[in-house]
Amino acid sequence: MMKLFYAPGSCALGIHVLLEEIGKPYELSKVDLAARQQYEPDFVKVNPKSKVPALVRDDGSILTEWPAIATWLALTNPEKKLLPTDPEGIARTLESVDYVVASLHMQGFTRVWRPDHFTPNEADYPAIKKKGHEIVDKGLKTFDEKLEGRDYLGGSDMSIADAALFYFTFWIPSRLKAPLPKNLEAHYQRMRARPTVAKVLKDEGFA
Ligand SMILES: N[C@@H](CCC(=O)N[C@@H](CS)C(=O)NCC(=O)O)C(=O)O
């Protein structure tokens, strides 16, 4: 059975949603990031990079990095249509996934939450956090415009890009205590209304 190493409300939330959408059996293993469990030997054996998500596949091999896990899940479950099959659709989906993970999360939110990753000098923290908020705000504007007149990023089917966008938008009300712009709020509520997403939020303790 597949096993997802996750932390509640982390970026692993998006992979958890994809596993639930796929509907094959999987189990969860919680990693307490606040208790720094990601640096303990048991987890370092799973992912030496000390990050969630990490997915153990049926053959026991471990896959890490959000875009790789999501793409593998989509390609191995083609009937779920989590990734378009035409070149333009694939490229546009990965364009959105990469923007969420590599820019909005790694460059934006990491600056907001972990300014120490960017400077040894505490006096620089406010400027670094401000830059992080700017990156996040640009992402909100970009995705809000992309969603004008659409239910999901690719049109009518939910894809891995929507799962990535969902974990990012989840952090806006839950962690920044800020409102989402109109189209993103509608997308966020549309995702939450999916029974799979509602179950995932409940299982992670956010019902
Ligand atoms: N590039 C990685 C990023 C994963 C990541 O940053 N995960 C965060 C949780 S949202 C984490 O495990 N942080 C633990 C730490 O940095 O100590 C991916 O795409 O999966």
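None of the figures in this text is laboratory data; all of them are computed from the coordinates on show. Note that the coordinates shown come from a computational prediction; the quantities given were computed from them, not determined experimentally. Cβ sites come from the backbone with ideal geometry, for glycine too, and all protein chains shown count toward neighbours.
Just a few scattered comments:
- Within the same chain, lysines fewer than 8 places from Lys177 are excluded, and of the rest, those with a Cα less than 19 Å from its Cα are Lys129, Lys130, Lys131, Lys138, Lys141.
- Placing +1 on each Lys and Arg Cβ and -1 on each Asp and Glu Cβ, with no other charges, gives the chain a dipole about its Cα centre of roughly 440 debye.
- Spatially, the range 89-106 and the range 1-59 are offset by 20 Å when compared through their Cα centroids.
- Relative contact order of the range 87-194: 28 percent, from C-alpha pairs under 8 Å at least 6 residues apart in sequence.
- Beta bridges per DSSP, both residues in the chain: antiparallel share near 60 percent.
- Antiparallel bridges, percent of DSSP beta bridges restricted to the range 2-81 (to nearest 5): 55 percent
- Least to most buried among Glu88, Glu95 (fewest other Cβ within 10 Å first): Glu88, Glu95
- Residue exposure sequence - Ser96, Ser29 - by fewest surrounding Cβ within 10 Å: Ser29, Ser96
- The label-point distance for Val44 and Glu134, in a model that sets each label 7 Å from Cα toward Cβ, rounds to 3.7 nm.
- Sorted by Cβ neighbour density within 10 Å, fewest at the top, the residues Thr169, Thr64: Thr64, Thr169
- Rounded if a/c under 1.5, otherwise prolate or oblate - the chain, Cα gyration tensor axes: oblate
- Whole-number Å³ per residue for the convex hull built on Cα positions in the range 87-194: 92 Å³
- Count of lysine pairs in the range 2-81 with Cα separation under 19 Å (8 or more residues apart, or interchain): 10
- Length gained when the stretch Glu95-Lys81 is fully extended (0.36 nm per residue, less Cα-Cα span): 3.3 nm
- Gyration tensor (alpha-carbon) shape descriptor, the range 160-207, a/c threshold 1.5: oblate
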